[in-house]
Structure formats: C-alpha cells, structure tokens
Ligand SMILES: *Cc1c(COP(=O)(O)O)cnc(C)c1O
C-alpha cells in the first residue's frame, strides 16, 4: 500500500468475508477499506466490485478464500474497462505508471493453488501476497512472501530490491554488508519499517517448500474423503475445490449446512466439541467485529456473507490426520446435525 502511494481519503476495495488483516493493511496506510459482499463460493463478488469503484479507488484486494482462486479474468476485465480507466485518478508516480487500479491478491490461503491449468497462484495478478503464518499450509512460523508480476514498464526485480530495502528501515545496506571491512557507510533513503523476515525463518520456509508437494497431496486426500462422505447428505453444501481449470490449495474445508440458523450452527459446533473434535468458523464477517462496527460497517449490507457465515463449519485439515480420524470427524458432524436439527 505504501509503495503504491495509497494515502488518506483513497479507497481500496476488499471482500467483507475475509480475515481482518486484509482491511487492516488498508487502514494502516490511512485509506478507506471499501468492503463488498462475497458470492456463493465465498470469494469476492465481481458484480459488487464493479458497483463499488469510484474515482478514489486505487486498488482491489481479492482474497482466495479457503485456497480457491477468485475470478481474476473478470476482475482484470473491470479495471481495464474503458469507463473505469477514464474514472481512474492517478496521484503517486507508481499510480501514474500503472494507469489503472492495482489488483493485489491476498493469497494468504492459496499457495499451491492453480488459477488455470498453466497459471499457479501468484502469477495471475499484479501482486500476490502469501502468508507463511503457522496456521497456513506451510510456515516460516511468522512471515510471508510477495510475488511481483507487474506489467511493463515496471521492473519487477528492481522493485524486489526496493521492497527489501523498505523492510530494513529503507537502509541501503543490511547489517552484514555494513560490518564488512571498510563497509561502514550507509544511507537511509525513505521512511521504511523494520519488518524483514529473519534468515532463520526463511530457512524453515525453504525446507517447507521442498516438502510442500507431498503435504498438498495429503490435504487433497482429506478433502476427497470429506467430499465423498458428505455428498451423500442433501443437507451438506460442499466447498468449491476444483472448477473450470481452477484448483484449490485445500487450505480450509468450509462445510456449509443448508437451512440452519446461526444459533443451530453454534449448537452443532458445541455437540462436535463434546467429542473433542476442534472445528472452526471461517470467517466472522468483519462488520460483526467490534472495531469495524465502530467504524460504521453494517452486516445488514452484506447478506451473502452473513448467509455463508451463519451455516459454515470448517473441518480439520492437516497432513497428519489419519483416515480413522477423518472418519471420526465425519461421524461426529453427522451425529451433531441429527441431534440439533432432526431431533429438536
Ligand atoms: C492469515 C491471513 C492473513 C495474514 O497473514 P499473516 O501472515 O498472519 O500476516 C491475511 N489474510 C488472510 C485472508 C489470512 O487468512
């Protein structure tokens, strides 16, 4: 956001259905996160993006929820549409160079996903940002990775160096080169932050990357077992995992249960917890969280996000989960549904 020159009064479009980090990044840049509703597949609604664009829009941050890629052809089509291009008001040098709204994928969930047969996540948007936090598919304990894929006339490798410098207080030398004989002199060339990834964490990440293909296979297997069991029940709505060339990174198994209320969903989770199965809810839409409520966001304006949230239960997915454990989770969910919904 800083590199793009986003500032107070600017607008950045984000999905209402995501982890708060997506909107917080915009707020930290001083700009306004314009939240839009999602679609039935959890991902940002392309139609809602189109309606939310104004002359102040500088960027759009779609999120590949649960690891399933958004519809980037359609989103890219919108920002390259003649009417939208004419509306765009560049202010910073970067914005002038780009000449349109920037598309930045919050790919926190979707490392290893495929946008299409030949395009892995990270190559389909101007910028894609992966999270390597401990709950994600692979980890560096904390940290992430940025993929740069900017069009001409941008120099992506030059920008890589510039961003690295920004993570080290905009200092022209890192501590290693500074401590070499005769290398004491350095400069500070902008207002950076100390937000670099430590080498130790990066080393963990490299080892994780090598293991990732086999870890991803394990996740896919678990998804398939869940799918093959729940598709026998007409009350179960399965999460999207592959469609039209897109393939998920199998990050979150977002099961939805048809025709239940939020309260029934909560009761089902209580029943599941009694069997010591830890499930989750992804996500509480941001307007339902105190800070965003105080800023004036209202969940009533996002009916699809609320519908998805109210009946969603994320089931455990991790490589060490055995087939017996997966079967136990499935049985537990089916029994909890029966107890709360059928026997009421
Ligand atoms: C985890 C997550 C983030 C933040 O990642 P960190 O590495 O913890 O900063 C951002 N967006 C989404 C959608 C996430 O799930």
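The values are calculated or read from the model by the stated rules, or taken from the named source; none is laboratory data. These figures come from a predicted structure and were not determined experimentally. Cβ placement follows ideal geometry from the backbone for every residue including glycine, while neighbour counts extend to all protein chains displayed.
Condition check ((1) farther than 24 Å from residue 198 by Cβ; (2) loosely packed, with under 14 Cβ neighbours inside 10 Å) across all residues:
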{"site": "108", "(1), (2)": "no, no"}
{"site": "119", "(1), (2)": "yes, no"}
{"site": "125", "(1), (2)": "yes, no"}
{"site": "131", "(1), (2)": "no, no"}
{"site": "139", "(1), (2)": "no, no"}
{"site": "144", "(1), (2)": "no, no"}
{"site": "155", "(1), (2)": "yes, yes"}
Residue under evaluation residue 29, criteria (1) over 25 Å from residue 246 (Cα atoms); (2) in contact with a strand residue (DSSP E or B) (Cβ under 6 Å, 6 or more places away or on another chain), criterion not met: (2)
Filter segment 39-59 down to the residues that are within 12 Å of the ligand (Cβ to nearest atom) and touching a helix residue (DSSP H, G or I) at 6+ places or on another chain (Cβ under 7 Å) and list them by number. 42, 43
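Sort out which residues of segment 94-105 are under 30 Å from residue 20 (Cβ atoms) and away from the ligand (no atom under 16 Å from the Cβ), and write them in order of number.
94, 95, 98, 100, 101, 102
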In this structure, does residue 77 turn out to be farther than 21 Å from residue 281 by Cβ, surrounded by fewer than 17 Cβ atoms within 10 Å (Cβ to Cβ) and in the same structural domain as residue 133 (by TED's automatic domain parsing)? yes
Does residue 108 count as under 18 Å from residue 59 (Cβ atoms), modelled with pLDDT of 95 or more, within 15 Å of the ligand (Cβ to nearest atom) and part of a loop (DSSP other than H, G, I, E, B)? yes
Could you run through segment 1-38 and say how many residues are closer than 18 Å to residue 309 by Cα, away from the ligand (no atom under 13 Å from the Cβ) and part of a loop (DSSP other than H, G, I, E, B)? 1
Scan of segment 274-286 for residues that are more than 16 Å from the ligand (Cβ to nearest atom) and farther than 16 Å from residue 334 by Cβ, ordered by number: 276, 278
Can you tell me which condition residue 258 does not meet? The list is (1) in contact with a strand residue (DSSP E or B) (Cβ under 7 Å, 6 or more places away or on another chain); (2) surrounded by fewer than 17 Cβ atoms within 10 Å (Cβ to Cβ); (3) free of Cβ contacts under 8 Å to residues at least 40 places away in the same chain, and all the others hold. (3)
I'd like to check which helices (runs of 4 or more DSSP H) are fully inside segment 129-230 and have at least 3 residues that are out of contact with any helix residue (DSSP H, G or I) (no Cβ under 9 Å at 6 or more places or on another chain), touching a residue at least 12 places away in the same chain (Cβ under 8 Å) and within 16 Å of the ligand (Cβ to nearest atom). 199-230
Tell me which residues, restricted to segment 283-330, are part of a helix (DSSP H, G or I) and surrounded by fewer than 13 Cβ atoms within 10 Å (Cβ to Cβ). 290, 291, 294, 300, 303, 323, 324, 327
Is it the case that residue 1 is closer than 28 Å to residue 240 by Cβ, in contact with a strand residue (DSSP E or B) (Cβ under 9 Å, 6 or more places away or on another chain) and surrounded by fewer than 21 Cβ atoms within 10 Å (Cβ to Cβ)? no
